[in-house]
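The values are calculated or read from the model by the stated rules, or taken from the named source; none is laboratory data. None of the values given here were measured: they were computed from a predicted structure. Every residue, glycine as well, gets a Cβ built from its backbone with ideal geometry; the counts of neighbours run over all protein chains shown.
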Amino acid sequence: MMTVAIVAILVTMVLALIRTFLGPTEYDRMLAANSFGTKTVLLVALGGHALDWHSFLDVALLYAMVNFVGTIAVMRFFEYRDAPDDSEKPESAA
Amino acid sequence: MNVMLSWLSDAFLLVGGFLCITGGVGLLRMPDFFSRVHASGVTESLAAPLLLFGLLLQMDWSLDSIKVLMILAFVLATNPTATHAMAKATLHGGQRPLVADEHDEPAGEASSKP
């Protein structure tokens, strides 16, 4: 059953990659990339256990953290890239 | 007891894998960004804990189990946060969700009420 779960994760990663290449806006691409990263964490955790790797869970935990920070950073860049005169900005800061 | 745990782990892994594929298909097939966020974010928040819990039941109790629990807690905390940040950034970026037209709305409500 571990094999079934790993194959399901791999299929989902392929679907997310198709959306990453296909996505009409940059937000779609970033959403698919974030989904791909989460699936990578699961793949490292399950595959490491199945293949009997050493300290694979540290890798998975670190990848989860890097994935989260990267997503937040890129999304903040998209949000505040070109608008110092954005009318919604003072409201959200207050 | 051991057989029960094995069956339980298999069930968790199977349901988690199914939800995983469901999220991927929703990510690929949904019409606009906000429905894609919904499909991906909602299924991911359930598929990742199910898969990790299925993995946890197959391992012996050791320090690695604590690490799996840490990954589980981290994914559960950060996945909705990232989804929320993406939806907020998209909304501030000028995109609006696809909704029905104004004159379509009363008919939809009337047909859904009875």
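Residue count for segment A:7-51 satisfying the condition of being of a type in the set (Lys, Arg) and in contact (Cβ under 8 Å) with a residue 40 or more places away in the chain: 0. Being modelled with pLDDT of 80 or more and within 17 Å of A:Ala60 (Cα to Cα) holds for only one residue in B:Asp60, B:Asp64, and it is B:Asp64. Within segment B:9-18, restricting attention to residues that are within 14 Å of the chain's Cα centre (by Cα) and at the interface with chain A (Cβ under 8 Å from one of its Cβ atoms), the residue that is farthest from A:Phe21 (Cα to Cα) is B:Gly16. Tell me which residues, restricted to segment B:19-46, are more than 7 Å from chain A (Cβ to nearest Cβ) and either polar (S, T, N, Q) or closer than 11 Å to A:Thr12 by Cβ (or both). Within segment B:19-46, B:Leu19, B:Thr22, B:Gly26, B:Ser35, B:Thr43, B:Ser45 meet the criteria. Take A:Thr12 and decide whether it is within 11 Å of the chain's Cα centre (by Cα) and at the interface with chain B (Cβ under 7 Å from one of its Cβ atoms). Answer is no for this residue. Of the residues examined, B:Leu28 is one that is free of Cβ contacts under 8 Å to residues at least 12 places away in the same chain and touching a Leu at 6+ places or on another chain (Cβ under 8 Å). Only residues that are of a type outside the set (Ser, Thr, Tyr), within 17 Å of the chain's Cα centre (by Cα) and more than 9 Å from every other protein chain (Cβ to nearest Cβ) were counted in segment A:22-61, giving 7.
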